[in-house]
Amino acid sequence: MSTYVTVINGRFVDEKDAQVSVLDHGFLFGDSIYEVVRTVQGKLFGARQHLKRLHASADALGLRLPLMDEQFIDLLREMHRRKPGSESYLRVIVTRGVGELDLHPASCTSPTVIGIAKPLPQWPAESYSRGAKVILAGVRRNPKNATDPAIKSGNYLNNVLAIVEARAAGAAEAVMLNVQGHVTECTTSNVFMVQGGELHTPDLGEGLLAGVTRSFVLELARKLSLRCHERAISASELLAADEVFITSSTRDIMPVAAIGDMALRHSPGPVTKRLMEAFKTVLLDPSNLIA
Ligand SMILES: Cc1ncc(COP(=O)(O)O)c(C=O)c1O
């Protein structure tokens, strides 16, 4: 039995029958946007924040979302309900839709809404107890004035190239620099460092996705009276950090043990450990969950 639950334009179909047209501009040009929501105790976590970002991505592309927020919530709920097992990874994709074989989207009159659900990935326990290895990718992150990384689009070739580099080096993630040589983010996660007991993460102006987990972590850190700096961070600063961790909806907070051949001083370090522990309360906070 397939581990995927798939739905296209409201119709739940078997994964092998879940097909989109070759003329869908999402397939042809990566002209699509998406979000990934995970469940916590069977409830949707951070779904409002994900929908807000879906709207921002849609606005950036001039793409009309064909569903109201409550309809997206119902869709996510139903995807989770139909998926066997406890916690879910719920991906919703909105493509430009079917049109002519022409870059311009004018011929695409009806966006395609696709849902794919699978069990929430389980990362190796060691990645949390000892930390994960990442690399500094050779490939640079798209500049903000090209395909803006703030848009969560289906255009992920930049990240594909970087994760291929990471896996070839036996690493779990790749930190990507922008063309100025500043740290941006990883292929599917945001990056933080701890220096002198204070938290630092690249400013959104550096060209990165405004991660939902990133925002939760910044909010949490402020509540814990940790000083937070969103700023430009050079690669050498990251390599010299006391602690580094990455964040994403499927990973939460994952400590980094090494960047390439450079082992971090602490993994997980005291600040990372404190945040990892406190993040459990964020995950269970009823105001972040939709049943
Ligand atoms: C490029 C990129 N950066 C960061 C993230 C983390 O974002 P979030 O915390 O919203 O899952 C993702 C998530 O997939 C991503 O694709």
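I'm trying to understand the selection: among the residues of segment 85-103, which are in a strand (DSSP E or B) and within 21 Å of the chain's Cα centre (by Cα)?
88, 89, 90, 91, 92, 93, 94, 95, listed by residue number.
Restricting segment 237-284 to residues that are charged (D, E, K, R) and within 12 Å of residue 194 (Cβ to Cβ), which is surrounded by the most Cβ atoms within 10 Å (Cβ to Cβ)?
Step by step, filter segment 237-284, then rank; the result is 243.
Given the structure, is residue 116 β-branched (Val, Ile, Thr), in contact with a Ser or Thr (Cβ under 8 Å, 6 or more places away or on another chain) and at pLDDT 95 or above?
yes
Here are some residues: 171, 232. Which one is farther than 25 Å from residue 52 by Cβ, in contact with a Lys or Arg (Cβ under 8 Å, 6 or more places away or on another chain) and more than 10 Å from the ligand (Cβ to nearest atom)?
The match here is 171.
This table checks each residue for (1) touching a Phe, Trp or Tyr at 6+ places or on another chain (Cβ under 7 Å); (2) closer than 23 Å to residue 142 by Cβ.
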position: 206; (1), (2): no, yes
position: 212; (1), (2): no, yes
position: 222; (1), (2): no, no
position: 229; (1), (2): no, no
position: 236; (1), (2): no, yes
position: 243; (1), (2): no, no
position: 248; (1), (2): no, yes
position: 251; (1), (2): yes, yes
position: 264; (1), (2): no, no
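Just wondering, is there one or more residues in segment 200-216 that are closer than 25 Å to residue 39 by Cβ and either away from the ligand (no atom under 16 Å from the Cβ) or surrounded by fewer than 17 Cβ atoms within 10 Å (Cβ to Cβ) (or both)?
Yes.
For residue 278, which of the numbered conditions (1) of a type in the set (A, V, I, L, M); (2) within 16 Å of the ligand (Cβ to nearest atom); (3) part of a helix (DSSP H, G or I) fails to hold?
All conditions pass for residue 278, except number (2).
Here is a yes/no grid of residues against (1) away from the ligand (no atom under 16 Å from the Cβ); (2) surrounded by fewer than 18 Cβ atoms within 10 Å (Cβ to Cβ); (3) modelled with pLDDT of 95 or more; (4) aromatic (Phe, Trp, Tyr):
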position: 126; (1), (2), (3), (4): yes, yes, yes, no
position: 134; (1), (2), (3), (4): no, no, yes, no
position: 137; (1), (2), (3), (4): no, no, yes, no
position: 148; (1), (2), (3), (4): no, yes, yes, no
position: 180; (1), (2), (3), (4): yes, yes, yes, no
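Has segment 110-118 got any residue that is crowded, with 18+ Cβ neighbours inside 10 Å, on the phi < 0 side of the Ramachandran plot and in a loop (DSSP other than H, G, I, E, B)?
Yes: one or more hits.
Between residues in segment 208-230 that are touching a residue at least 24 places away in the same chain (Cβ under 8 Å) and farther than 21 Å from residue 57 by Cβ and residues that are part of a helix (DSSP H, G or I) and within 13 Å of the ligand (Cβ to nearest atom), which pairs lie under 6 Å by C-beta distance while being six or more apart or on different chains?
The qualifying pairs are 220/282; 228/218.
The values are calculated or read from the model by the stated rules, or taken from the named source; none is laboratory data. If you're wondering where the values come from, they're calculated on a predicted model, not measured in any experiment. We place every Cβ from the backbone using ideal geometry, glycine too, and count neighbours over all the protein chains shown.
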